[in-house]
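All of the numbers you see were taken from the coordinates with simple rules; none came from a lab. Note that the coordinates shown come from a computational prediction; the quantities given were computed from them, not determined experimentally. So basically every Cβ, Gly included, is an ideal-geometry build from the backbone, and we count neighbours across all protein chains shown.
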Amino acid sequence: MELATSFSVALDNLDLGALGVVSEAVSVKVLRLDQYMPDMSGNKYFKLKHNLAKATASGAEQIVSFGGAYSNHLHALALAGRRYGFKTVGLVRGEIAEPMNPTLADASAAGMQLVALTRSQYRQRHDQDFLVQLQRRWPRALIVPEGGSNAEGVLGCGDIVDLLDDQLKSDYDIITLPCGTGATLAGIASRLEPGRSVIGFAALKDQGALDKDVIDFQAMVGASNTRWSIERRYHFGGYAKVNAHLIQFAESFRKATTIELDPVYNAKSFYGLLSEIKRGAFAPGTRIVAIHTGGLQGVRGMREKIDQFVSQR
Ligand SMILES: *Cc1c(COP(=O)(O)O)cnc(C)c1O
């Protein structure tokens, strides 16, 4: 199996003036991982690439993983399975409603076997006994945790730094991105050159263990960089929670830049970043790379809610 490594990725200059942010002090470039692969979504490809390589090396016949009904991860896994010739099984939290939503319909069309787990089964997804049961059911499968957040996933996210350094050489100081489990943040921190740091904008609330998780994820790849931090004030009420203000922000961002942001992750991280710039959080001259982590496939499932908020204006 040949994994794609040579795609180039766009780095867009963000026009802060057009976004109503008056700051001559900082510059922002957007790393468009949302456009990296034509069919797979953003950071989830990076979290999968070394898992796919491991599956190949170990002779696994399938990859089994977990996610919600709108999961970017299951979507990317299904499409990666089709692209690289793997069977995939998606264990979906809760019911699989018919007709399927666009995420699950794509996954199914790409050949993923979808199996519904009850919410109580789903809660056991990290338990050893439950994983042993799953392994009995799919004996030749590689089981990948939710979100692709394992050592291979962290390693793959480190590759984002190489991609950036190839294109940007030394011309940046700070990377920003949205955070769910923190595995992507950890992978990036693990490979940063001295003098650079990374800031994660938490998309979930009440993640007491997130700092520890980032440390643990880094330890999985033998790293212990401390030049990272998490900004927790821009989760808008928690995972997948949105309000009119956030949706209207994403809409005006799109109009000003042509860049579309998903409400679950990137609308929050870009809202947070612009707010932090406005309040003067960055030293004059700071060169920021804001990673767009993708997630646009999931927007389709929120269309109605989004249109309601946009029309409330
Ligand atoms: C999964 C996901 C994230 C969060 O990644 P973590 O490694 O879990 O922190 C961010 N953005 C998008 C679009 C995602 O799909």
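A few comments on the model shown:
- Elements of type helices (runs of 4 or more DSSP H) in segment 98-213, at least 2 residues being touching a Lys or Arg at 6+ places or on another chain (Cβ under 6 Å): 151-168
- Within segment 8-34, being free of Cβ contacts under 8 Å to residues at least 60 places away in the same chain and part of a helix (DSSP H, G or I) holds for one residue alone: Gly17.
- Within segment 45-93, the set of residues being more than 19 Å from the chain's Cα centre (by Cα) and aromatic (Phe, Trp, Tyr) comprises Tyr84, Phe86.
- Lone qualifier among Ala209, Ala256 - being touching a residue at least 12 places away in the same chain (Cβ under 8 Å) and either near the ligand (Cβ under 10 Å from one of its atoms) or hydrophobic (A, V, I, L, M, F, W, C) (or both): Ala256
For every residue, the table says whether it meets (1) surrounded by fewer than 20 Cβ atoms within 10 Å (Cβ to Cβ); (2) more than 10 Å from the ligand (Cβ to nearest atom); (3) over 18 Å from Tyr239 (Cα atoms); (4) touching a residue at least 24 places away in the same chain (Cβ under 8 Å).
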| residue | (1), (2), (3), (4) |
| --- | --- |
| Pro139 | yes, yes, yes, no |
| Glu152 | no, yes, yes, yes |
| Asp171 | yes, yes, yes, yes |
| Gly187 | no, no, yes, yes |
| Ile199 | no, yes, yes, yes |
| Ala202 | no, no, no, yes |
| Asn225 | yes, yes, yes, yes |
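- Within segment 267-279, considering residues that are charged (D, E, K, R) and surrounded by fewer than 24 Cβ atoms within 10 Å (Cβ to Cβ), the one nearest to the ligand (Cβ to nearest atom): Glu276
- Among the residues making up segment 283-299, those that are of a type in the set (A, V, I, L, M, F, W, C) and closer than 30 Å to Ala107 by Cβ are Ala290, Ile291, Leu296, Val299.
- Restricting segment 280-313 to residues that are outside any helix (DSSP H, G or I) and of a type in the set (Lys, Arg), the residue that is surrounded by the most Cβ atoms within 10 Å (Cβ to Cβ): Arg287
Residues checked against (1) within 14 Å of the ligand (Cβ to nearest atom); (2) more than 27 Å from Phe86 (Cβ to Cβ):
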position: Asp15; (1), (2): no, yes
position: Leu19; (1), (2): no, yes
position: Lys54; (1), (2): no, no
position: Ser65; (1), (2): yes, no
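- Condition check for Gly158: within 13 Å of the ligand (Cβ to nearest atom) and in contact (Cβ under 8 Å) with a residue 24 or more places away in the chain: yes
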